[in-house]
Amino acid sequence: MWCIGALTQEYRQRMYALLELYARPMSKAEPVICIDEKSLQFINHSRNSLPMAAHNPSKQDYEYVRNGTTNLFVVVEPKGGKRIILVTERRGKIDFVAFINGLLTGAYAKARRIHLVLDNLNTHFRKCFDDVLGVGAAKKLLRRVQFHYTPKHASWLNMAEIEIGILSRQCLDRRIGDRELLQSEVEAWQQTRNAEQWTIEWNFTRQDADRKLGRHYVSQLAC
């Protein structure tokens, strides 16, 4: 395991806080929700593929046509076996705020408190909600939300990256040429994963972190 950047006191505090959060038992009243984004390029075939025949797989030309890009917001509730994916044109602060608003008023409307795990992308901070909604509306929307941020250069601590890796291997590892096809494929994948209630078992503890990373820690006196 390695990372870029110094393992400062702030790094350790954020890492310890997330590891403690992940160690808590599952709670429907206070779900832990990990969120991340994935950019995707639409790729079309340059010419029609040759269909599959007896003893011969289908064949496609190595040339392809770029057809723009899109964004996927990916949410996973690791212990709840739930994931929510939204395909959007962009991933700016307006898009992110709208996505979180949909979660809080939709799938997680009944939760007493929601723990959101995020990396340090500039659109992920509370100021963006103030900018988009206004201070009063943002305060009302986020009254049940507690933000948890990964250390800088440590997005591996966000379990949404694990889910995105699975999504990429099982659903996105091929040419997808337009948003309609992507939406259809992602929805089918998501429904199957949710129906089977696939969870993520996180076993990396604070003790593991100290054993593996301790020699790289920066002394508080050196900060």
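Looking only at the chain, where both bridge partners belong to it, what percent of the DSSP beta bridges are antiparallel (to the nearest 5)?
70
Label-point separation (nm) for residue 191 and residue 143, each offset 7 Å from Cα along Cα-to-Cβ?
3.6
For each pair in 93/139; 28/152; 38/82; 152/212; 110/152, compute the distance between the two Cα atoms and list the pairs where it is over 27 Å.
Violating the 27 Å limit, Cα to Cα: 28/152; 110/152.
To make sure I understand, if each residue's beta carbon is the centre and we count other beta carbons within 10 Å, what order do 179, 143 fall in, fewest to most?
The order, fewest Cβ neighbours first, is 143, 179.
Taking just the C-alpha trace of the chain, give me its Rg and Dmax in Å.
20.2, 70
So how much slack lies between residue 67 and residue 112, counting 0.36 nm per residue of separation and subtracting their Cα-Cα distance, in nm?
My answer for the length gained is 11.9 nm.
I need 38, 212, 152 ordered by Cβ neighbour count within 10 Å, fewest first.
Fewest-to-most Cβ neighbours within 10 Å comes out as 212, 152, 38.
In deg cm²/dmol and to the nearest 500, what is the mean residue ellipticity at 222 nm of the chain if only DSSP H runs of at least 4 residues count, each as -39500 (n - 2.57), divided by the residue total?
Taking each H run of at least 4 residues, the total per residue is -10500 deg cm²/dmol.
Please state, to two decimals, what the Cα-based radius of gyration of the range 77-157 comes to when divided by 2.2 N^0.38 Å (N = residues).
1.10
Based on a Kirkwood Rh over C-alpha pairs, give the Stokes-Einstein translational diffusion coefficient of the range 130-223 at 4 °C and viscosity 1.567 mPa s in µm²/s.
After rounding, the answer is 73 µm²/s.
Hey, got the dipole for the chain? About the Cα centre, +1 on K and R Cβ, -1 on D and E Cβ, debye to the nearest 20?
The dipole magnitude comes to about 700 debye.
Please determine, in degrees from 0 to 90 and to the nearest 10, the orientation of helix 179-195 with respect to the longest principal axis defined by the Cα atoms of the chain, where the helix direction is its Cα long axis.
The answer is roughly 60 degrees.
What's the longest piece of the chain with no exposed chymotrypsin sites (Phe, Trp or Tyr not before Pro), counting a site as exposed if DSSP puts it in a loop and it has at most 10 other beta carbons within 10 Å?
Between exposed loop sites, the widest span is 63-223.
Work from the charge dipole of the range 12-123 (Cβ charges, +1 for Lys and Arg, -1 for Asp and Glu, about the Cα centre) and give the residue of 118, 16, 68 farthest towards its positive end.
After comparing all options, I get 16.
Only the coordinates and a few stated rules stand behind these numbers; no lab work does. Every value quoted in this text rests on a predicted model; they were computed, and no experiment measured them. So basically every Cβ, Gly included, is an ideal-geometry build from the backbone, and we count neighbours across all protein chains shown.
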